[in-house]
Amino acid sequence: MTANGLHWYSIVFFLFMLLSCGSPTPPSTDSELNDQRLWGDKFETQRLRIPSFDGTELAALLFQPKDQYFPGERPGLIFVNSWTLTEDEYHLQARKFAQKGYVVLSYATRGFSTSEGLVSVAGPNDLGDVSSMIDWLELNTQLDTTRLGMAGVSYGAGISLMALAHEPRIKTVVAMSGWGDLEQALYGRETIREVWLNLLLLSGKLLGRLDPEVGIQARRLRDNVDADVARAWAAARSPLGYVDKINARKAPVLLANSYQDGLFPPAQMRAFYEKLEGPKQFYLDKGIHASSAIPGLFGLPSEVWNETHRWFDTYLQNLPSTLASQGPISMQAPGGREFYSQFPTLVGKQAITNLKPVNELADLGVDEEILEALQGVSFTGSVDSGATSGLPLLSDTADATINLPVIKQLTNIDRRHAALYMTEKFKTRTRLRGAPQIRIWSAASKTPQQMIAYLYDADPWARGTLITHGVVSKRVASARSNEVLMDLNIAAYDIPAGHRLVVAVDTRDPLYGNYMKERYPVGFIQLGTRLTELALPLVP
């Protein structure tokens, strides 16, 4: 850690986000903003400062279709900014929608850009602001409030889903790289997402005005002091807790998340998606946080923005589409996009071939019951084994953009600090689609523990390609052995014939906080029915 409490990779990550995720360069003057020679003459634009319910002024851009081209009431869209960005973020996409006759308002949430107020992370003030924006549109535009949609990327996605639950005038939402369960995203399985939490706090302080409560809740999670209070704070800002309100009117929802998203992975959105009862789609692609949406913000080709246009044209313009005829789960796979009616189920419990212990268990101080096992595995925790999810952001970016996955020579993983297991060779090419699950029987321990499981595709030369990974922490010591279920991140991967799957489990990874500073013994039991097992979501 540096003096300010940030790892070096958090700083690199922050700089990358500023360079790659900044909003498209806005027009330099209002006259350029209204230059119809550049943008056509079917709509007009206007910069605004709109007072919210409590008098707080929010910066906004209005894109208003001209009456001679689009007479009468028009469908509308509200765009909400991503974390630290401005009302200009959706400039180019807003113009495309306005050119089709949509009334579009893009605004910066309180605490960001030149909007007044403090950032409270989808709190009551943010929801009140959404209602105020709709009130303003009703009074000042030709908006048809029965045909109003809302969309956003990341922070804007989360606020859009929360607003859908609380504001009945919103008919449908598109949420790109957003959260369904904020508690799970920030503190899933009692594990801090260290890199992302640091990034959010640093960027928020530099480019916004954070409510002090945000930092207080982050410290509670990091220090595990009053963590339940922080989790309740996050749960109150999670669409998952209000899904019944969305279902009461069967509101259509399009969710888009990326496999390698380290901030809001698809797994934390899955429970919310599966509880939705209205028209829905879960659009999954290979990428990192917000990477699929960014090209479209700069006017470049973007599949997820094409899908966004199709979604709103279907539900707000009543234009014909093929949405109803395709499976609602849309997965980017090695051979192209695939559609499913539901997530593939976990196929039987495929027992993993057990490895012999590489350490003398008694020397490690592991509980005596594991000494009875001939195939138990033990190692020393709080030391890096070499198994890793890669360099935060950089490795996932390389995988998503130039197809350069994390590769590890598996024989170089230090088994003094990790447990390794492998399957038999696969006889045919096997298609994995979804979230694998690992079951481990953890021996009794005198200390808290953290476990990170990595799933590798191992070729005949023991070179492992990282498919996915997962993490779980036990914040209190356990006097008895216990079953640990680890749900790995959702993936779409084809396992070649002749390859094996290898699972490595250790206790440290640069993505996550390491709250155990001292070394400690870790033991996994392989005795009777208490076996380490792997379940795979496979499709024919």
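What follows draws every value from the coordinates through simple rules; no lab data is involved. Bear in mind the structure is a predicted one, so any value in this text is a computation, not a measurement. Using ideal geometry, Cβ is built from the backbone for each residue, glycine included, and neighbour counts are taken over all protein chains shown.
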- Message: Among 84-90, 442-448, 64-70, 186-192, how do they line up by average Cβ neighbours within 10 Å per residue, starting with the highest?
- Response: 84-90, 186-192, 442-448, 64-70
- Cα extents of the range 185-330 along the three principal axes, largest first (Å): 53, 37, 26
- Over all directions, average the projected area of the Cα convex hull of the range 135-245 and note it in nm². 8.2 nm²
- Note on the structure: Placing one equal point scatterer on each C-alpha of the range 434-533 and summing with Debye, one gets log10 I(q)/I(0) at q = 0.11, 0.14 Å⁻¹ equal to -0.37, -0.59
- Note on the structure: Within the range 33-116, the percent of DSSP beta bridges that are antiparallel, given to the nearest 5, stands at 70 percent
- Query: Using the eigenvalues of the Cα gyration tensor, what equivalent ellipsoid semi-axes result for the range 258-301 when each is taken as the square root of five times the eigenvalue, whole Å, largest first?
  - Reply: 22, 14, 7
- For the range 62-116, take the alpha-carbon Rg, divide it by the Kirkwood Rh, and send me Rg/Rh. 1.05
- Item | Distance histogram in 5 Å bins (all Cα pairs of the range 410-484, percent per bin) | 3, 10, 21, 22, 18, 12, 8, 4, 1
- Query: Can you give the Rg to Rh ratio of the range 489-535, both from alpha-carbon atoms, with Rh computed by the Kirkwood formula?
  - Reply: 1.04
- Message: At a 10 angstrom cut-off on C-beta neighbours, averaged per residue, how do the peptides 467-479, 119-131 rank from highest to lowest?
- Response: 119-131, 467-479
- What's the extension gain from SER325 to ASP228 if we count 0.36 nm per residue and subtract their Cα-Cα distance? 30.6 nm
- Item | Kirkwood estimate for the range 281-325, i.e. one over the average of 1/r between Cα atoms, Å | 11.6 Å
- Item | Additional length obtainable on full extension of the chain from MET516 to ARG47, 0.36 nm per residue less Cα span | 163.7 nm
- How big is the range 123-172 by the Kirkwood estimate over distinct Cα pairs, in Å? 11.1 Å
- Query: How long are the three semi-axes of the equivalent ellipsoid of the range 97-159, in whole Å, if each is the root of 5 times an eigenvalue of the C-alpha gyration tensor, listed from largest down?
  - Reply: 22, 13, 11
- Descending Cα extents along the principal axes, the range 159-209, whole Å: 37, 30, 17
- Query: How big, on average over all directions, is the shadow cast by the Cα convex hull of the range 75-187, in nm²?
  - Reply: 6.7 nm²
